[in-house]
1. Suppose we filter region 368-390 for residues that are crowded, with 17+ Cβ neighbours inside 10 Å and not in a loop (DSSP other than H, G, I, E, B); how many remain?
2. Under 6 Å between Cβ atoms, at least 6 apart or on separate chains: pull out the pairs that start in region 377-397 with a residue that is over 26 Å from Y161 (Cα atoms) and end on any residue that is part of a loop (DSSP other than H, G, I, E, B) and open to solvent by less than 60 Å² (accessible area, probe 1.4 Å).
3. Check region 141-153 and report whether any residue there is under 26 Å from W72 (Cα atoms), out of contact with any His (no Cβ under 6 Å at 6 or more places or on another chain), of a type outside the set (K, R) and open to solvent by less than 10 Å² (accessible area, probe 1.4 Å).
4. If A232 passes every condition in (1) without any contact (Cβ under 8 Å) to a residue 12 or more places away in the chain; (2) in a helix (DSSP H, G or I) but one, which one does it miss?
5. Looking at T245, T250 in this structure, which one is polar (S, T, N, Q), in contact (Cβ under 8 Å) with a residue 40 or more places away in the chain and out of contact with any Pro (no Cβ under 8 Å at 6 or more places or on another chain)?
6. Give me a count of the residues in region 391-400 that are within 22 Å of A170 (Cα to Cα) and surrounded by fewer than 14 Cβ atoms within 10 Å (Cβ to Cβ).
7. Can you name the number of the only condition in (1) open to solvent by 10 Å² or more (accessible area, probe 1.4 Å); (2) at pLDDT below 90; (3) in contact with a helix residue (DSSP H, G or I) (Cβ under 6 Å, 6 or more places away or on another chain); (4) assigned to a helix (DSSP H, G or I) that H324 fails?
Amino acid sequence: MDTAAAPAAGDLVGPARGTAAPATASPARPTAARLAALRAPHLDPYWIAGPCFLAFATLSYCRFRSLSDVSWDLGIFEQAIRGYAHFGAPIVDLKGPGTNILGDHFSPVLILLAPFYRLLPSPLTLLAAQAALFALSAIPVTRAAARHLGRRQGLAIGAAYGLSWGIQKAVDFDFHEIAFAMPLIAFALEAVLRGRWNAAVCWAAPLVLVKEDLGVTAAAIGTLALLRTRRASPLPIALVAFGITATAVTLGLIIPGFNGSGSYDYWSKLGAHGGASPAVPVDVVLRTVLWVLLPTTGLLALRSPLLLVALPTLGWRFLSHDPHYWGIDWHYNAVLMPVVFLALVDALPRVRAAARPWLRSYAHHLPAAVLAAALALTTSLPLARLTEAATYRKPPGVAAAERLLDRVPDGATVESDVRPISHLAGRARVYWTGDTGGLAPDYVAAQLPDNHTPEQALADVTARHPKSTYVPLGTAADIVVFQRTSAD
């Protein structure tokens, strides 16, 4: 007999005594339990948000390291947050020498990023924060969808939201303060769907600190809560009054008080003040509205009162004659994404109970169709670049351009156009090309246009600053830097 198979006479633990085996006897069981816990339904929103954050942050990082900036906004916001981080005013010289950004747009919420920027003073800090805020907004969308539609369809809508074209375009636009609005709107509307009116008000009220026009959006959320409750609830009424009053005070007093001209500069973009400018073509407007509603919700968002919250954002765009506000580029459609997706979540249960069989079938299959549309569109949207090997490589000449920009000393005054800005704004005083207020900067950094030589760029610099002498410091990757050597 194999004596190793039999327990010793003095053993008190073992099958022969009727006691359970020690927990360590089967190490596979705890591992399986941990894996099962990770698959718990309540973690589904975080499994959507986590990959979204990684994708958004990676795309932003790769764009930054390849000098692919498309706007001056990243530099503008870095200058503002840099001011907050050093306990000063948010002075943004890119908008004009000594300009306080609160006189341009009212976004004091940016001060929340100041501690992180003080710890890690880099434009990448702003880009990582934006990726986190966009990803955070996917949590309430996914959670609300699963609560109302079931786990699988909730995951489908959550993934479609994370891949939505409005968010992808915003990620591709460097950085903008509307990143803070995304989770606030999403959590507020999730609370509305649950009938948690106090939570909805608390999430919506801070929108007035994100941007001056979002106070009206907060008021719209309060109006929506009143429509859902069908009674005069004090908190939603207070939110309506607060949002409208905050917008009026911001536009009429706060921004003009910080603005050197004593007014709100963007009134000129509205039709009533800029009627001489050509109107935005109707087909452009129609295509934009269809993009907002069709691939994201199959038009079923039109059946939900939550769409009321999109009206302020669409409204000021209809009043404007600026073509940049229309189309699917830039960041202007991002704040509409949580609204339309949660409107879809709100509409689907009612549509599934519709009398028409085809409409019930349409509603049943729509979450999968919305996800399929998001995946299909992504092949031609910014996140598709994450599947390309070239995205992770520095383009030829970029390292040389970075070394060239590094030769500009900290604290120097620099006149710059788009591409060099974000690599200089955190350590130098950077002005926009042609807007230095008469100051002859220490350095001029510029991207050479096609068929434009460094000699031609130097001639342009000399024409702008005729009393100073500039010499080339170097050229790399179509970026040229000039240094001032003397001044009259």
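1. Initial filter on region 368-390 (crowded, with 17+ Cβ neighbours inside 10 Å): 370-371, 373-374, 377-378, 381-383.
Still in the running and not in a loop (DSSP other than H, G, I, E, B): 370-371, 373-374, 377-378, 382-383.
Residues that pass the stated criteria total 8.
2. Here the result reads P395/S66; G397/A477, each pair linking region 377-397 to a residue that is part of a loop (DSSP other than H, G, I, E, B) and open to solvent by less than 60 Å² (accessible area, probe 1.4 Å).
3. Step one: filter region 141-153 for residues under 26 Å from W72 (Cα atoms), giving none.
No, region 141-153 has no match at all.
4. Every listed condition holds for A232 apart from (2).
5. Numbers: T245 fails: in contact (Cβ under 8 Å) with a residue 40 or more places away in the chain.
Every option except T250 fails the conditions.
6. If we filter region 391-400 for residues that are within 22 Å of A170 (Cα to Cα), which is where we start, we get 391-392.
Restricting the remaining residues to those that are surrounded by fewer than 14 Cβ atoms within 10 Å (Cβ to Cβ) gives 392.
Summing the residues that are within 22 Å of A170 (Cα to Cα) and surrounded by fewer than 14 Cβ atoms within 10 Å (Cβ to Cβ) in region 391-400 gives 1.
7. (3)
Conditions (1) open to solvent by less than 10 Å² (accessible area, probe 1.4 Å); (2) under 14 Å from K211 (Cβ atoms); (3) free of Cβ contacts under 8 Å to residues at least 24 places away in the same chain, marked per residue:
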{"residue": "S71", "(1), (2), (3)": "no, no, no"}
{"residue": "A89", "(1), (2), (3)": "no, no, yes"}
{"residue": "L94", "(1), (2), (3)": "yes, no, no"}
{"residue": "N100", "(1), (2), (3)": "no, no, no"}
{"residue": "V109", "(1), (2), (3)": "no, yes, no"}
{"residue": "L119", "(1), (2), (3)": "no, no, yes"}
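The values are calculated or read from the model by the stated rules, or taken from the named source; none is laboratory data. All figures in this text were calculated on a predicted structure; none of them were measured in a lab. All Cβ positions, glycine included, derive from the backbone under ideal geometry; neighbour counts span all protein chains shown. When the accessible area is computed, the model is the full protein with side chains, heavy atoms only, and any ligands, DNA or RNA have been set aside. Shrake-Rupley method; radii C 1.70, N 1.55, O 1.52, S 1.80 Å.
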